[in-house]
Amino acid sequence: MTPDLTRLRDLIEASPQFRRGPAPAASDKEIREAEARVGPLPPSYRWWLAEFGRGRAGAADLAVVVPSGSTDGAGEPDGTDGVLDTYDMYEAITAEWRLSGDRLCFAVEPDCGDSYFFALDRRGEAGDGECPVVRRDGSDGDEYPVAESFAGFLAVREALSRGLGDGPNPTIACLWRSTPGVLFDNGVLVYGPHRIGERNESFEVARHAPDWVMVGEDGAGQGLFMRHHGRDRTGVHRLDPTVIDDDIAAQGDLLTDDLLGWLRAGAPGV
């Protein structure tokens with residue numbers, strides 16, 4: 001799924017683990033200058049740089065775009081209103097150590113922690129210009145898949161921080177690896193990890209239907225429900241969330257048994 005940048009902003013603003021600043025957002029010119037050195041940056045990461053400039057995702061420091069004319073640590077003026085020290089240059093996405101073959105490091109945890117890379121050799125596999133994210137273990141250097149986009153990387157970290165694991169079922173976990181939820185013009189909304197808990201608590205889904213989870217809304221007051229335990233964890237059933245019981249499959253209408261395909265088609269038929 002192509003990252004939904006509206007949901008991405010909602011995720012960032014709703015979570016205390018995504019800290020921003022104090023550096024200003026990067027200009028389009030500065031981002032393009034960085035891309036001239038490291039190649040095209042994934043769109044959702046490019047969006048982050050243009051909106052926030054600098055920040056952290058949990059303990060991981062996110063790479064920044066350093067303005068053109070900045071120093072290499074020698075302390076010379078950067079041509080604006082100050083100097084950038086060696087630490088600032090170390091943070092730059094264009095720092096030489098970040099690009100290693102087909103891997104571009106965009107986030108590092110301190111004290112020899114894990115590092116996160118864009119897999120450049122898999123750029124645009126989904127046709128959206130995004131790069132899958134891999135984690136390099138800080139202890140043994142082994143590499144593990146994390147997400148299908150930078151937006152998905154943030155969604156995965158948010159899910160883990162909220163105790164949601166990969167997600168309430170495999171389909172939603174797959175969605176979150178690309179985007180922290182989806183919102184369509186017709187009102188269909190599939191929750192990200194920052195909203196799913198509060199929405200299910202509001203309707204006491206765990207009490208009324210313990211094997212089910214409300215994964216979104218249809219834009220007309222109906223909830224979208226999927227199983228997170230038991231059989232058939234692919235079907236999406238539509239039902240008024242105020243009248244649910246443990247037999248949602250019998251109560252509600254089966255909307256689709258392929259949520260991701262339905263979303264890619266624009267959530268038709270609601």
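Summary of computed values
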item	result
Hits in segment 1-33 - residues which are touching a strand residue (DSSP E or B) at 6+ places or on another chain (Cβ under 8 Å) and of a type outside the set (Ser, Thr, Tyr)	MET1, ASP4, ARG7, LEU11, ILE12, GLN17, PHE18, ARG19, ARG20, GLY21, ALA23, ALA26
Close pairs (9 angstrom Cβ cut-off, 6 or more residues apart or separate chains): surrounded by fewer than 18 Cβ atoms within 10 Å (Cβ to Cβ) in segment 240-262, assigned to a loop (DSSP other than H, G, I, E, B) and among the aromatic types (Phe, Trp, Tyr) anywhere	THR242/PHE203
Single residue of segment 129-152 satisfying the filter (acidic (Asp, Glu) and buried (at least 16 other Cβ atoms within 10 Å of the Cβ)) that is nearest to ALA34 (Cα to Cα)	GLU130
Selected residue (criterion: modelled with the lowest pLDDT) from residues of segment 89-106 that are surrounded by 17 or more Cβ atoms within 10 Å (Cβ to Cβ) and among the charged types (D, E, K, R)	GLU91
Residue match in segment 2-19 (condition: farther than 30 Å from GLY187 by Cα and at pLDDT below 95)	no
Listing of helices (runs of 4 or more DSSP H) fully contained in segment 1-62 that carry 3 or more residues being among the charged types (D, E, K, R), in the same structural domain as GLY127 (by TED's automatic domain parsing) and within 24 Å of TRP97 (Cβ to Cβ)	28-38
Residue identified as within 21 Å of the chain's Cα centre (by Cα) and either more than 23 Å from ALA155 (Cα to Cα) or not aliphatic (A, V, I, L, M) (or both) among GLY223, GLY230, GLY269, GLY216	GLY216
Selection from segment 84-121 of residues that are without any contact (Cβ under 8 Å) to a residue 12 or more places away in the chain and part of a helix (DSSP H, G or I)	TYR87, TYR90, GLU96, TRP97
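The values are calculated or read from the model by the stated rules, or taken from the named source; none is laboratory data. Note that the structure is predicted; figures quoted are calculated from it, not measured. Reconstructed Cβ throughout: ideal geometry from the backbone, glycine too, with neighbour counts over all protein chains shown.
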